[in-house]
Amino acid sequence: MAERYHPQVIEHLVRPRHVGELPSPDGTGESGDSACGDVARFTVKVEDNVVREVRYKVYGCVACIAAGSALAELVQGEDLLRAASVTKEDVQEALGGPLPSGKEHALTLVLDALHKAIEDHFNRRAGSMLVDGYGGGRGTGKKTVVAAMSGGVDSAVTALLLKEAGYEVACVTFRLHDGERGSRSCCSPDTVLFARDTAHRMGLPHFTLNLKELFDRRVMQDFVGSYEAGKTPNPCVSCNAHVKFHAAAFLADRLGFDHVATGHYARVGEGPTLARPVDESKDQTYVLWPMPQELLARTVFPLGEYRKTEVRKIAEDRGLAVAYTPESQDICFIPDGNYRSFIRKKVAAEPGEIVDSGGEVLGRHAGVVDFTIGQRRGIGVSAPRPLYVTEVRPQSKQVVVGRKQDLEVREVRVSGMNWFLDPSEARAVQVRYNSVPVECEIEDAGDGEWIAHLPEPVAGVAPGQSAVFYTGDGQRVVGGGVVSRSRPKATVESGGGRAAGDIE
Amino acid sequence: MSTPVYLDNAATTPLDSRVLEAMLPHLGGRRGNASSLHASGAAALDAVEEARASVAAFMGAEPGEIFFTSGGTEADNIAVLGLAAASPENQHLVVSRIEHPAVRQAAEHLGRIGYEVSWIGVNEEGRVDPEEFAAALRPDTALAAVMWANNEVGTVQPVEELAVICEQRGVPLHVDAVQAAGRIRIDLGSVPIATLAISGHKLYGPQGVGALYVRRGVEVRPTVFGGGQEQGLRSGTHNVAGIAGLGEAARLAAEELDVRVAHEEALRDRILDGVCSIPGVRLNGHARERLSNNAHLYVEGVEAEGLVLLCDAIGFEIGSGSACASGGHKASSVLLAMGFDEQEAFSVVRVTVGKDTSEQEIDGFVEAFATAVARLRELSPLYAG
């Protein structure tokens, strides 16, 4: 062997601490797989946020056996926040110094198994939250915050800014789906491992929660279902509405923490409501509109006060490894960006007709899920002028195409409202991500539906998208909802009724 | 702490005190270069030639067929590369999959510079099939290489049969006999092997010295150049003390071979009787056609490194598979060739006794081994027991 183990490692091999499995643990975590050669399993008993008992088992090299023993010894009897802060370096120090080269994976392995056991503890406590979402608890007036951490630069700087502002910070990373890089193996890069390293380097505790069931039900199934229904969904909106803030609030309540924080570019304005961030080019108020107001009241958005360039600089100045990570994907569970092939894997495509607004058949298509309103490419019908999808009718399997001006609408019907302020304050509406609010007049249509009348027509408003209302100065969110349907200009002028196949 | 019990004789054997005696004059008082003309040089040369005679006698060869090297690895390299260089028109090799890296990597090197290598597999017991071997030989085969006994699992190959096949087909056979030497009687007068490598420190001689046998009439081109020592095949000033040690070690091995083998076999079987009654522990390799000193064990649910270091901590030194393979976390190619999967290949240890190992030591080991296995299994999430 090129390098030898420190005697402290051998000491742990000969006299390993806390070996075994607890008979009825509060949490069990396993990391690695036998194909990599190493497997670690931790069981924990947690009471009053204290690790009362820990047991571990390892199949693997001596470094893994000793690291498991040292880690178990470090966290036994410790406060959960302290246990979740134990770093690879702490374990290494307990083993007498650096491990021989090539053995560093042992530290990651045992730490991951312990963290999964703690995650399992919280997941068990979460109960129906995994399916239904979490209501939220009450604050205690302390400067404590749970910061959601994705592994990217924004969330890392968020945690750092909170720490520097004097908050007691606990970081949390959510397991949302199986599409994460390397989530199946201890040997490949893993966003959770990366986020944990980032938190630990800042000296912060790191937790994980498994939200796959909740995310599947409230985000992914909704995403697929919307396409089937001919709508254009926004999965980030669904996640903010039902998953992210609820889970962070759940953990905050378990830890006795007051606040939650994310790396969104937004501010909490008077109301409380969502307010525009300093960096308006990164504004994310549009995707945050469904946040329950009681959760917003305990939320902190530190990045709302910074420009993105400043955030990157902070990360660089503080030496955060995340500083050079690329911008995150639009849709996290479709890393290649090809959401049509994603949908196609989930639902059988049924062919149908492509028609014009007069009902004349212009061609055939392979499935309505391939089309969204405003789409120009890939229609598959040749025409002297560019054709746009103006309507998708899933019931009759028809895709309606027309000219660009056929996309223009003068009224947008919105339902599923979440109001922060009195609806009468709404003066402008934004109907697409990466666009700007346009002037509107709002009308209560009854049954929870609202109509935004647009003095100037707007193109490409698709059912399923969010419509977010802003105050007259454009700085604060009044409320938001989901576009149920929009009325083309021509239809308004002709005074015609609902188009065939239109759905609610 | 008392002296640990040494059960890793396949990695290296302790230096026999009689061998040390034979070396000391060349380390202390004397000072000659065996190539010098003066009296000191002549004395050194005498020692080298005396050793050559005893190494030749040890393997049934002529002194002129023995070439001293810096060890087994160099002997293997000179043979493989030198046999290939001697027939440049032939660009094909036949090599077993279980060769020591000294042969395997030399063959891989030739593969990278244009040679075609036919790798011959082994069965579950680690034995090469002579029929498969014969079928792989071609008119353009420059050399074949099969080790006499495997350094990891200890399986002995049907080398006599392979040598006859090669002689009939006109292909030189190189045999790595580093592990076999001193444990199997080698008679090159009756086995038509072309070249054969041995190492001093595997037969109670010093480290850093070995020998290559080259049958008279077989051409091996030099791959080491310089002062022309060893008939120009291995240039470099003679390691006189080492060579004298190797000579004495070979002389003693020839004399004591039968006694040593009987002693080692009895102790090896005593180990197997003791440890194979532990559930999930079994012998790897061939049950009978194996080295007298080698007990290669599979231990279910336990990784080798922990077992080796835990045994070490309680006073027993054993090997993890092959000493050379234990540096990196890579499964042994020998075990993979025998059909082990990756995880199984990490769960093996090699226990090798020596001529000086005692019964009491073995009994102590069996007890310590059982304890270590039990403790590691208690730790293992993969072993249900």
Item to check | Flag for B:TYR213 being outside any strand (DSSP E or B), at pLDDT 95 or above and crowded, with 24+ Cβ neighbours inside 10 Å | outcome: no
Next on the checklist: For a quick check of your reading of the model, give me the residue pairs whose first member lies in region B:285-309 and is more than 14 Å from chain A (Cβ to nearest Cβ) and surrounded by 23 or more Cβ atoms within 10 Å (Cβ to Cβ), whose second is polar (S, T, N, Q) and assigned to a loop (DSSP other than H, G, I, E, B), with beta-carbon atoms closer than 6 Å and at least 6 apart or on different chains.
Outcome noted: B:ASN293/B:ASN9; B:HIS296/B:ASN284
Checklist entry - In region B:349-363, is there at least one residue being buried (at least 17 other Cβ atoms within 10 Å of the Cβ), modelled with pLDDT under 90, at negative phi and hydrophobic (A, V, I, L, M, F, W, C)? => result no
Checklist entry - Taking the condition surrounded by fewer than 24 Cβ atoms within 10 Å (Cβ to Cβ) and of a type in the set (Val, Ile, Thr), does A:VAL19 pass? => result yes
Checklist entry - Tell me, which residue of region B:102-119 that is touching a Ser or Thr at 6+ places or on another chain (Cβ under 8 Å) and within 14 Å of B:THR73 (Cβ to Cβ) is most open to solvent (accessible area, probe 1.4 Å)? => result B:ARG104
Next on the checklist: Which pairs turn up if I take residues in region B:60-84 that are over 25 Å from B:ARG112 (Cα atoms) and look for partners that are of a type in the set (Gly, Ala, Ser) and assigned to a helix (DSSP H, G or I) with beta carbon separation below 6 Å, at least 6 apart in sequence or on another chain?
Outcome noted: B:GLU62/B:ALA56; B:PRO63/B:ALA53; B:PRO63/B:ALA56; B:ILE66/B:ALA56; B:THR69/B:ALA75
Checklist outcome for this item: Checked pairs for region B:149-168, first of a type in the set (D, E, K, R) and in a helix (DSSP H, G or I), second open to solvent by less than 10 Å² (accessible area, probe 1.4 Å) and at pLDDT below 95, C-beta under 9 Å and 6 or more apart or across chains, list as none
Item to check | Condition met for B:GLY274 (within 30 Å of B:GLU256 (Cα to Cα), more than 13 Å from every other protein chain (Cβ to nearest Cβ), in a loop (DSSP other than H, G, I, E, B) and modelled with pLDDT of 95 or more) | outcome: no
Next on the checklist: Report every pair of residues separated by at least 6 positions or lying on different chains whose Cβ atoms are under 7 Å apart, first residue within region B:226-250 and closer than 20 Å to B:GLY60 by Cβ and in a helix (DSSP H, G or I), second at pLDDT 95 or above and of a type in the set (Ser, Thr, Tyr).
Outcome noted: B:GLY247/B:SER54; B:ALA249/B:TYR204; B:ALA250/B:SER54
Next on the checklist: If I filter region A:334-343 for residues that are open to solvent by 80 Å² or more (accessible area, probe 1.4 Å) and either modelled with pLDDT of 85 or more or assigned to a strand (DSSP E or B) (or both), do I get at least one hit?
Outcome noted: no
Item to check | Residue list for region A:263-305, filter: out of contact with any strand residue (DSSP E or B) (no Cβ under 7 Å at 6 or more places or on another chain), free of Cβ contacts under 8 Å to residues at least 40 places away in the same chain and crowded, with 19+ Cβ neighbours inside 10 Å | outcome: A:ASP283, A:GLN284
Checklist outcome for this item: Filter region A:50-71 for residues that are farther than 13 Å from A:LYS88 by Cα, of a type outside the set (Val, Ile, Thr) and more than 11 Å from every other protein chain (Cβ to nearest Cβ); the one that is surrounded by the most Cβ atoms within 10 Å (Cβ to Cβ) is A:GLU53
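The values are calculated or read from the model by the stated rules, or taken from the named source; none is laboratory data. Source: prediction; values computed, not measured. Positions of Cβ are generated from backbone atoms using ideal geometry, with glycine treated the same way; all protein chains shown enter the neighbour counts. Just so you know, the surface numbers come from the protein's heavy atoms only, side chains and all, with ligands and any DNA or RNA stripped out. Shrake-Rupley method; radii C 1.70, N 1.55, O 1.52, S 1.80 Å.
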